[in-house]
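Chemist: This is the structure, below, for whatever I ask next.
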Amino acid sequence: MKIAMVVPDNRDEFRRYSDPEPYFGQAPTALLSGLEAMPECEVHIVCCVQRPLRSPPKLASNIFFHSLLVPKWGWMRGAYLGCIRAIRRKLREIKPDIVHGQGTERYSALAAACSGFPNVLTIHGNMRLVAKVNHAPPFSFQWLAARLETFTLPRSDGIVCITSYTQRAVAPLARATWIVPNAVDASFFVIEPQPVLPREILCVAHISIRKNQVRLVRALAPLAEKENFKVLFYGGADRKDTYVREFFQLLEKNPWCHFAGFADRAALRAAFARATMLVLPSLEDNCPMCVLEAMAAGLPVASASVGGVPDLITPGIEGILFDPLSEQAMRDAVQNLLTDKVMAARLASRAKEKAMQCFHPLKIAEKHVAIYGQVLSRAPAQRAGPG
């Protein structure tokens, strides 16, 4: 089976043009590692960039890489028309059996749905729901992404939903849906926990009102007076944002809180090994990778019971869920994991078992290939791509 996967090279998004290797984000990278172990699949990664990047022609024996230079007019300001056209031209050369668009945040889903080939889309962030929670102003990036998502979904042959939360959100617009969670990098399954003192509580998320870190700090302040721990916040932060400024002002008043900034995969694995737990207080989330990775690493998890998180964690079985609007509920969840070590170890062990069964790259890759087969089995014979 020949698969074309449309996925952004994040070197372009982060302006890291000197990096020698492409980076596609945690979930697509883990999926590709699973497909790499399936030699019957020939995978062609197609991405667009605004500046030339060093692009290896192959990332593995069965994974090919195509980086397409698109001028500025062809990006967001032009509704990604330039990216769509460049990708269509490349797909005519590749002649894939199926096209898989990874994410509705940028051009990937649009290009796949408009490719003329049988296609499926994966939604990582539900942009219509994200825009609503963040009160995205008209003509902002999230506002536009939400509208492009609405345009794209009905034009695809099917939507890969990483949680039932997404499936419920897209069902009215989609021709077909499947639930397949994100894959987790296999390296997280072999982490050896070595917790340190004082105990470290991790919160891994971009600092934003949707991720709710300010309420987390306020919730844990009374607990910090009784228990010895520190909270490490990993992620990006736009210091021009009003909420972010409030967050840093709060950190100055609470010395047990530390902003650690962006962490690559190696740094995050090391942080997971040292930590006592992961806490995620989001107001909206689909399938947060930090929760999946913590489960794979055997790190106890306390998370907001929102979006797709209940698909990942059964309360009292693989972790603790709480109401993100209740500081008391948030504080109780953290205190329980801090004080009941037996319970914390039991939850972490069961979470790791579930991660191995449900989120391992090879298992997720096999489920995707089965979906591709279903789409191709019902695709009209004439849909062999644009002429």
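Chemist: Kindly point out, ordered by number, any Cys in the chain whose beta-carbon has no other cysteine beta-carbon under 4.7 Å away.
Modeler: If one checks each Cβ against the other cysteines of the chain, 41, 47, 114, 161, 203, 257, 287, 290, 358 turn up with nothing under 4.7 Å.
Chemist: Give, rounded to the nearest 20 debye, the magnitude of the charge dipole that the stretch 99-231 has about its Cα centre when Lys and Arg contribute +1 at Cβ and Asp and Glu contribute -1 at Cβ.
Modeler: Here the size comes out at about 520 debye.
Chemist: Sequence-distant or interchain residues sharing an amide H contact under 5 Å with residue 234, placed H: which?
Modeler: 203, 204, 205, 260
Chemist: Only sites in a loop by DSSP and with at most 12 other Cβ atoms within 10 Å count here; which chymotrypsin sites (Phe, Trp or Tyr not before Pro) in the stretch 105-200 make the cut?
Modeler: 139
Chemist: Can you work out the Karplus-derived ³J(HN,Hα) for every residue in the stretch 334-345? Use 6.51 cos²θ - 1.76 cosθ + 1.60 with θ = phi - 60°, whole Hz, and x for glycine or proline.
Modeler: Working through the residues one at a time gives 5, 4, 4, 6, 6, 9, 9, 5, 5, 5, 4, 5 Hz.
Chemist: If you don't mind, there's one more thing I want to ask. Got a sec to turn the phi values of the stretch 138-152 into Karplus ³J(HN,Hα) couplings, 6.51 cos²θ - 1.76 cosθ + 1.60 with θ = phi - 60°, whole Hz, x for Gly and Pro?
Modeler: Whole-Hz 3J(HN,Hα) from phi for the stretch 138-152: x, 6, 7, 4, 5, 4, 5, 4, 4, 6, 5, 4, 4, 5, 7.
Chemist: What's the FRET efficiency of residue 225 with residue 332 using the Cβ-Cβ distance as r and R₀ = 25 Å, to the nearest 0.05?
Modeler: After rounding to 0.05, the efficiency reads 0.95.
Chemist: Here is a follow-up. Under a Cβ-only charge scheme (Lys and Arg +1, Asp and Glu -1), can you give me the dipole magnitude of the chain about the Cα centre, in debye to the nearest 20?
Modeler: It works out to roughly 1060 debye.
Chemist: Short version: ³J(HN,Hα) in whole Hz for each residue of the stretch 79-94, in order, from phi by Karplus 6.51 cos²θ - 1.76 cosθ + 1.60 (θ = phi - 60°), x for Gly and Pro, what are they?
Modeler: Each residue of the stretch 79-94 in turn: 6, 6, 4, x, 5, 4, 5, 5, 5, 4, 4, 5, 5, 4, 6, 6 Hz.
Chemist: Excluding same-chain pairs closer than 8 in sequence, count the lysine pairs in the stretch 187-358 whose Cα atoms lie under 21 Å apart.
Modeler: 10
Chemist: Order by neighbour count: 293, 93, fewest other Cβ atoms within 10 Å first, most last.
Modeler: If I rank by nearby Cβ atoms, fewest first, I get 93, 293.
Chemist: While we're here: Quick check on the exposure proxy: order 364, 191, 159 from fewest to most C-beta atoms within 10 angstrom.
Modeler: Arranged by neighbour count, lowest to highest, 364, 191, 159 become 191, 364, 159.
Chemist: Distance between Cα centroids, the stretch 197-227 to the stretch 111-185: provide it in whole Å.
Modeler: Computed from Cα coordinates, the inter-centre distance equals 30 Å.
Chemist: Only Lys, Arg, Asp and Glu count, each charged at its Cβ (+1, +1, -1, -1), so figure out the dipole size of the stretch 286-349 about its Cα centre, rounded to 20 debye.
Modeler: Charge dipole, the stretch 286-349, about its Cα centre: 180 debye, nearest 20.
Chemist: So for the stretch 38-179, taking the charge dipole from beta-carbon charges (+1 Lys/Arg, -1 Asp/Glu), which of 62, 102, 141 sits furthest toward the positive end?
Modeler: 141
Chemist: Report the Cα centroid-to-centroid distance between the stretch 45-72 and the stretch 317-342 in angstrom, as an integer.
Modeler: Measuring centre to centre over Cα atoms gives 44 Å.
Chemist: OK, next. Can you tell me what share of the DSSP beta bridges in the chain is antiparallel? A percent to the nearest 5 is fine.
Modeler: Given both bridge residues lie in the chain, the antiparallel proportion sits at roughly 5 percent.
Chemist: Kindly provide the helix-only [θ] at 222 nm of the chain, computed as the sum of -39,500 (n - 2.57) over DSSP H runs of four or more divided by all residues, to the nearest 500 deg cm²/dmol?
Modeler: Per the formula, -12000 deg cm²/dmol.
Here, each number is a calculation from the coordinates, and none is a lab measurement. None of the values given here were measured: they were computed from a predicted structure. Using ideal geometry, Cβ is built from the backbone for each residue, glycine included, and neighbour counts are taken over all protein chains shown.
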